[in-house]
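The values are calculated or read from the model by the stated rules, or taken from the named source; none is laboratory data. Since we're looking at a predicted model, the values are computed, not measured. We place every Cβ from the backbone using ideal geometry, glycine too, and count neighbours over all the protein chains shown. Note: areas computed on protein heavy atoms with side chains; ligands, DNA, RNA excluded. Shrake-Rupley method; radii C 1.70, N 1.55, O 1.52, S 1.80 Å.
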Amino acid sequence: GSEQLPAVNVQAGDPGVVVSLGGSQDPVVVQPTPVPTPDPTVDSSLAIESEESVEDPLEEVSEAPVLELDEIVVTATRSEQDILDIPRTVTVITREEIESQSSITRNLFEILGNTVPGFGPPNQSDRNNAQLFRGREALVLIDGVPQNSNFYGSIGLRGFDPNIVERIEVVSGPTGLYGAGAAGGLINIITRQASEQTISRLQIGTATDLGELESGGFSYSLSYNLSGKSDPVNYVLNLSGQLTNQFRDAEGDIIPQDNPTLAGATIVGFLGKLGVELNEEQRLELSANFANDVRDVDFIVDLSTLDIPGRQKARALQANQQYINLKNPGNQTLSFNLSYTHDNLLNSRFSAQAYYWRNEDRAFPFDDRGENSFYDAITVFSPFIADAVGGRAQFDTSLLENIQLVWGIDYRNERNELILEIIDPVEFDRSGGTIIRSIDEQNLLPPYSIDQLGLFAQGEWNLSDQLILSGGIRQEFVELSVDDYTTFFGDDIVGGTPDFDATVFNVGSVYKLTEDLSTYLSFSQGFSVPLLFSLATAPAGTSIERGFSFLEPQTVDNYEIGFRGLWPDLQATLSVYYSYSELGTFFSFNPEDTVGILTRAPQRNYGVEATVDWQTSDRWQLGGSLTWHEGEADSDEDGEFTALSSFDVQPTKITAYVEHQTLPSWNNRLQFLYSGNRIRGFEDVADGVSIESYVTLDYISDILLGDGVLSLGIENLLDNQYFPVFSQVLSGFNEVTYRAARGRRLNLTYTINW
């Protein structure tokens, strides 16, 4: 039956809002972008391969774009495939696209929002709340290493330098191929590989809000990359740093800081990769990735706006907060990854991987005192800790000339823990909220671990030159482990090690109507472990071992039909999907006491996605995308479905661009994004407010200057005052979260190779 978690007061960054409502992956729409062919990259079974191209990216500016459709191969099915043969919606974001979008923003979630159909519009946050994928959570991988935690989703990407990304493969819709957590889709971020020759790459950048060119109003960035080969060894080293200023909206006002905001941050990053070619068939690679983000809190929300009738824009109040006995807000991610490939083992291509991943997130203080409070204290989530060890082994076997089989095993052990710091209320009030002194700490979430073991097989059968069939199965085994513990509210809970399993399938077909036009049908299932914040609010006497009602996994069934046309000068895609889960996980709104509630009940999502890219000449290209989707749930299980919150279902999104090779060494691009209205959530009492539409326009220009490339990006070119979807949704719970978006902002970078 439909069930609800105990109510949780909703604030920006509160775990009640960090809605990790599942995850999945599924259908595949291709969105190739006409750009120069990228360098050879990834030695990974989760990668796209392409023909070798010019090593020096500075030459890309001086050449007309070339679209190499036949050489794009996507590994959405855990094996290398021509993108034309995949019965799913797939978007490939190339390195050139990433570099172009980085002229506007260095936040990968915002880049995805600008470029991927089905993914919510940018929310100018360090997390993807209210930016879900087809209404559900996506699984994020970096070189095959999952970046999601059960409790907090994937919030560790803020410090990840986009300069080290070779490409991003995005698979839309639920999938069970990679295990739990991909109920909405899969986002596989593939880092750059070593160049054939020793190459250094340096990029320096600055950004500021136009009209506010004052001291302290600038952001700065620095990135250095070194890569090369000296047989049999190859290597990649990347160092990056960024200092962000206080952002201003289009009205010139400073945007107050809080958990999701990106201002006042000092970010450092490191990526190191060392590969060894053992022989012509075997390769070993070790990589380490580290990113650290620390915030200085100089401006908080001015609570006096609550005394003004009507919903008011959140305004900043200078605070200069000091954190005593605890660390400043921020996020830290560390991972190690060891991979091995053998091109001919047991008549198969074999790949294996072992990894360690850790994420630590430290939040802003939350004053939750009052009549309807949840904690009745001033608290700080500091830190939330997730760490995981895991690995996989995979064989890619040719059974017959026209039948391929991929099979193997995955394992992951993840441990989560959330510390709640209790803040001295007397000193907090006396200092006007500037002194944040911890006087006690408790485990809000007890330490708990999740063991996941998956066995999988995926096959493809080329019946003819026109018809391709594919299908697969995955058997997942999951065990939760929790010791006896006492909740924050003093309730004693009996621990245990309950387990459950799931079997998920996928089947699909591709039929090539002509050499350039194909259609596909697919059914796929995704699987996810539910958000376990319910452990913090379990009632007295609960026994985890006997079965906790909210431990039931979520299985999502997805149906999709699509068309894909890839002509020399025109590429277009269209897909229609419907997904259903008998026991969904979604966010509800209770208007009587303004709390957020996580609910388990039947859930359905459906929508349409379309893309088009047209190279009208050697110098001109244009295109765009459409995303329309909806979602509903039967919270009372009475057969009546009502709209989901806009945390889960974002409004219609339309993007468009026009690009011109103005001179051989000068390229210009205008890009447009429209985020529509959404009133259904408000009418069905899932949202506290109706969502209003807005439009943004960005300008990007790259020019060859000296030995390098100067890139200019102007975000929000028209200086439009608007509020991202995330900000609007949050304001339905608490007006002080109604933060405006950044106004017109200038970004300058200079990149040089030698």
Tell me the mean residue ellipticity at 222 nm calculated for the chain from its helices only (DSSP H runs of n ≥ 4, each -39500 (n - 2.57), averaged over every residue, nearest 500). -1000 deg cm²/dmol
Relative contact order for the range 642-754: what percent, with Cα pairs under 8 Å and sequence separation of 6 or more? 22 percent
Loop-resident sites, the range 378-469, for GluC sites (Glu not before Pro), counting at most 10 other Cβ within 10 Å (DSSP): GLU401
Share of pairwise Cα separations in the chain, more than 45 Å, in percent: 17 percent
Rounded percent of accessible protein surface that carbon and sulfur make up, the chain, 1.4 Å probe: 55 percent
Separation of the ASP516 and ASP618 label points, Cα + 7 Å toward Cβ, nm: 2.0 nm
Long-range amide H contacts for ARG369: which residues qualify at under 5 Å (H placed 1.01 Å from N, peptide plane, sequence gap of 5 or more or a different chain)? ALA377
Quick calc: nm separation of the 7 Å Cα→Cβ label points for THR198 and LEU317 -> 5.7 nm
Considering the range 240-309, what Rg and Dmax in Å follow from its alpha-carbon atoms? 21.4, 73
Under 19 Å between alpha carbons, and skipping anything fewer than 8 positions from LYS229 in its own chain: which lysines qualify? LYS273
Quick one: what are the phi-derived ³J(HN,Hα) couplings along the range 694-705, Karplus 6.51/-1.76/1.60 with θ = phi - 60°, whole Hz, x for glycine and proline? 7, 10, 10, 9, 10, 10, 10, 9, 10, 9, 6, 9
For the range 203-279: span of alpha carbons on each principal axis (Å, largest first): 61, 25, 17
Please compute the per residue accessible area over the range 106-194 with all protein chains in place, 1.4 Å probe, rounded to a whole number of Å². 9 Å²
Enter the accessible area of HIS629 (Å², nearest 10), with the probe set to 1.4 Å and all protein chains included. 10 Å²
Over the range 147-196, what lengths in whole Å, largest first, do the semi-axes of the equivalent ellipsoid take, defined as the square roots of 5 times the eigenvalues of the alpha-carbon gyration tensor? 23, 15, 8
Subtract the Cα-Cα distance of ILE439 and PHE290 from 0.36 nm times their separation in residues, and report this length gain in nm to one decimal. 50.6 nm
Relative contact order (%) - the range 313-438, alpha-carbon pairs under 8 angstrom, separation at least six: 26 percent
Length gain on complete extension for the stretch THR266 to LEU463, per 0.36 nm per residue less the alpha carbon to alpha carbon distance? 65.4 nm
Could you tell me the extents of the range 199-351's C-alpha atoms along the three principal axes, largest first, rounded to whole Å? 73, 33, 31
Between the range 371-398 and the range 512-567, the alpha-carbon center distance in angstrom: 19 Å
Keeping every protein chain present and rolling a 1.4 Å probe, give me the accessible area per residue for the range 448-582 in Å². 42 Å²
Give me the net charge of SER731's neighbourhood, meaning all other residues with Cβ under 13 Å from the Cβ of SER731; Lys, Arg count +1, Asp, Glu -1. -1
Taking Cα pairs under 8 Å and at least six residues apart, what relative contact order does the chain come out at, in percent? 15 percent
Rolling a 1.4 angstrom probe over the protein heavy atoms, how many square angstrom per residue are accessible across the range 200-319? 44 Å²
May I ask you to evaluate 6.51 cos²θ - 1.76 cosθ + 1.60, the Karplus curve with θ = phi - 60°, for each residue of the range 98-105 and list the ³J(HN,Hα) values in order in whole Hz, giving x for glycine and proline? 4, 5, 5, 5, 5, 6, 9, 8
FRET efficiency, 1/(1 + (r/R0)^6) with R0 22 Å, evaluated for ASP491 and GLU552 via beta carbons: 0.55
